[in-house]
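The values are calculated or read from the model by the stated rules, or taken from the named source; none is laboratory data. Owing to the predicted nature of the structure, the values given are computational and were not obtained by experimental measurement. Note that we place each Cβ from the backbone using ideal geometry, even for glycine, and neighbour counts take in every protein chain shown.
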Amino acid sequence: MSDQHEWWQKGIIYQIYPRSFQDSDGDGVGDLAGIRNRLDYLEWLGVDAIWLSPVFPSPMADFGYDVSDYTGIDPLFGSMEDFDQLLEDAHRRGIRIVLDFVPNHSSDQHPWFIESRSSRDNPKRDWYLWRDPGPDGRPPTNWLSSFGGSAWTWDEKTQQYYHHHFLPAQPDLNWRNPQVVDAMLDAMRFWLDRGVDGFRLDVIWLIIKDEHYRDNPENPDFQEHEPPHHQLLATYTTDRPEVHDIISKMRKLLDRYDERMMVGEIYLPIERLVTYYGAHGTGVHLPFNFQLITLPWDARTIARAIEQYEAALPSHGWPNWVLGNHDQPRLASRVGMAQARVAAVMLLTLRGTPTMYYGDEIGMQNVPIPADRVHDPVEKNLPGIGMGRDPQRTPMQWNAAPQAGFSDHEPWLPIAADAAERNVTVARETPGSLLRLYRRLIELRQEQPALSIGSYSPLPTEGDVLAYVRREADHRFIIVLNLGSEPARVEPPLEICGSIALSTHLDREGEKVQGWIELRADEGVIIDCPE
């Protein structure tokens, strides 16, 4: 395989939500030792890196995304020794570790914020966004929190408001202050020196706000069923030009180390998303591309999106694709179990780095959460509008034991009702399972440079069928995906010839193809077409 490509270009990233992967100490919450105990599974699956959602000390108002110490490990997840051991054991298996870093905001229990709110003249006052009241004592601007209500909270002691894009317990840092920049770079350096292989940067497009604190304009297209903060266009609170200067500082830090990378969480239209690659060598390595999550599961829509994305990429930009994460409904719940198999083929054959979400490889679905078991602050603040994230964060289903092999005690979120049938143990023993399909796809991708680093060319198709070619040197693969529930005959202008290397239907592998192909409903195939 070409030495010109980095590990994160050739590899597969697997997201773990640590609270829900494996409990090792019987408290019902997953931990670092539990992840370490499951490294054999991850090695068997074939992933190249694991991204850990936050494991830093936190009051857990937003389950780790409210950090009270950027250079520690929360006791809930274990100790720094546990982390070092996980890192060492993962590296021994050839698995990299990517940490979830939360730069936009800290916890209100972080020592920095405690100092900042202690008085107006405290040296750390300007580390956060403090403003005097507007007219009649109202908040300084009309900015809204993504978690409901105003994005400003009144501090009685110092008689000013502070800004928080999320919960009041998550005050936003002032990235216009050079001391904040230095402190956060120091925290990143701490983990890089420890040996982590990179960072996933949480809500990176939010970290700079308008220096003039202008009101956001009203959204003329707002619909009543949407989250309340969509009433306003986030013109002055997201995607500010200065954010790229901050990212370039982070990139320069990472470039001082060998083989490190940054992934940026960025929910923006493609034309804005690609600007986060920066000028060559100055942006994040991978601005997360969430189109397969956010777009309708429609072949023509997805085909256009792929074409537009490929066309928009800068010459130095490497693509990436994501099917699920801790903030979005489960893949199998969005597209159905049959199409989840087709989606797996798509994710692992499109050009670019794929990111998998734990449990998607066995078809885990959203789990209904009783009202008395709800933890997510979004659901508590905005009930009934479908923003709650607990359903996609439930414990990994390992086996048919009472708690699905996740824990010996009642877990922090309910176990899925189908866990006795849908779990890793059953799936590993079932030849046609979704898990076995993922493993074979990963093997094929790793064996064939055309599927990992090869070029991408679309093939013209109609209706529910999506098709494209991956090519490297004199080897090509044609991928044909039926996103519909009816059979489809495909006769693209580029003659199809070769044999089926992989199908979502096991009985077709090795079948010869000449000129055309008949797809079954909900079927995806990879055709080996050597030139």
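A few notes on this one:
- Filtered residue count, the stretch 341-382, keeping only those that are part of a loop (DSSP other than H, G, I, E, B), hydrophobic (A, V, I, L, M, F, W, C) and more than 22 Å from Phe21 (Cα to Cα): 3
- Scanning the stretch 269-299 for residues that are of a type in the set (A, V, I, L, M), surrounded by 17 or more Cβ atoms within 10 Å (Cβ to Cβ) and not in a helix (DSSP H, G or I), we see that the one that is nearest to the chain's Cα centre (by Cα) is Leu286.
- Residue check: Arg373 meets all listed conditions (1) surrounded by fewer than 19 Cβ atoms within 10 Å (Cβ to Cβ); (2) modelled with pLDDT under 95 but one, namely (2).
- Members of the stretch 25-36 found to be in contact (Cβ under 8 Å) with a residue 40 or more places away in the chain and within 11 Å of Leu86 (Cβ to Cβ), listed by number: Asp31, Leu32, Ala33, Ile35, Arg36
- Within the stretch 131-168, if we keep just the residues that are of a type in the set (A, V, I, L, M, F, W, C), surrounded by 20 or more Cβ atoms within 10 Å (Cβ to Cβ) and not in a loop (DSSP other than H, G, I, E, B), the residue that is farthest from the chain's Cα centre (by Cα) turns out to be Trp152.
- Leading residue by the ranking (nearest to Pro228 (Cα to Cα)) among those in the stretch 169-192 that are over 24 Å from the mean Cα position of the chain (by Cα) and either free of Cβ contacts under 8 Å to residues at least 40 places away in the same chain or surrounded by fewer than 18 Cβ atoms within 10 Å (Cβ to Cβ) (or both): Arg176
Listed here are the residues, each with its yes/no results for (1) of a type in the set (Asp, Glu); (2) closer than 25 Å to Ala33 by Cα; (3) touching a Gly at 6+ places or on another chain (Cβ under 7 Å); (4) touching a residue at least 60 places away in the same chain (Cβ under 8 Å).
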| position | (1), (2), (3), (4) |
| --- | --- |
| Asp82 | yes, yes, no, no |
| Asp89 | yes, yes, no, no |
| Ile97 | no, yes, no, yes |
| Asp108 | yes, no, no, yes |
| Pro111 | no, no, no, no |
| Ile114 | no, no, no, no |
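- Test: residue in the stretch 426-449 that is within 20 Å of Ala303 (Cα to Cα) and within 24 Å of the chain's Cα centre (by Cα): no
- Strands (runs of 3 or more DSSP E) within the stretch 2-108 that include 3 or more residues under 19 Å from the mean Cα position of the chain (by Cα) and of a type in the set (A, V, I, L, M, F, W, C): 49-52, 96-101
- Taking the criterion of being in contact with a Leu (Cβ under 8 Å, 6 or more places away or on another chain) and of a type in the set (A, V, I, L, M, F, W, C), the residues of the stretch 484-503 that qualify are Ala488, Val490, Leu494, Ala501, Leu502.
- Qualifying residue in the stretch 251-264 (condition: in contact (Cβ under 8 Å) with a residue 12 or more places away in the chain, of a type in the set (Phe, Trp, Tyr) and farther than 20 Å from Ala151 by Cα): yes
- Residues that are closer than 23 Å to Tyr41 by Cβ and touching a Phe, Trp or Tyr at 6+ places or on another chain (Cβ under 9 Å) were ranked within the stretch 322-340; the one that is surrounded by the fewest Cβ atoms within 10 Å (Cβ to Cβ) is His326.
- Restricting attention to the stretch 466-483, the residues being touching a Leu at 6+ places or on another chain (Cβ under 9 Å), buried (at least 19 other Cβ atoms within 10 Å of the Cβ) and not aromatic (Phe, Trp, Tyr) number 10.
- The stretch 229-270, residues that are at positive phi and in contact with a Lys or Arg (Cβ under 7 Å, 6 or more places away or on another chain): Asp239
- Residue in the stretch 350-360 that is of a type in the set (Asp, Glu), surrounded by fewer than 20 Cβ atoms within 10 Å (Cβ to Cβ), assigned by TED's automatic domain parsing to the domain that holds Asp62 and in contact (Cβ under 8 Å) with a residue 24 or more places away in the chain present: no
- Residue within the stretch 231-242 that is more than 23 Å from Asp182 (Cβ to Cβ), of a type outside the set (Phe, Trp, Tyr), in contact (Cβ under 8 Å) with a residue 40 or more places away in the chain and assigned to a loop (DSSP other than H, G, I, E, B) present: yes
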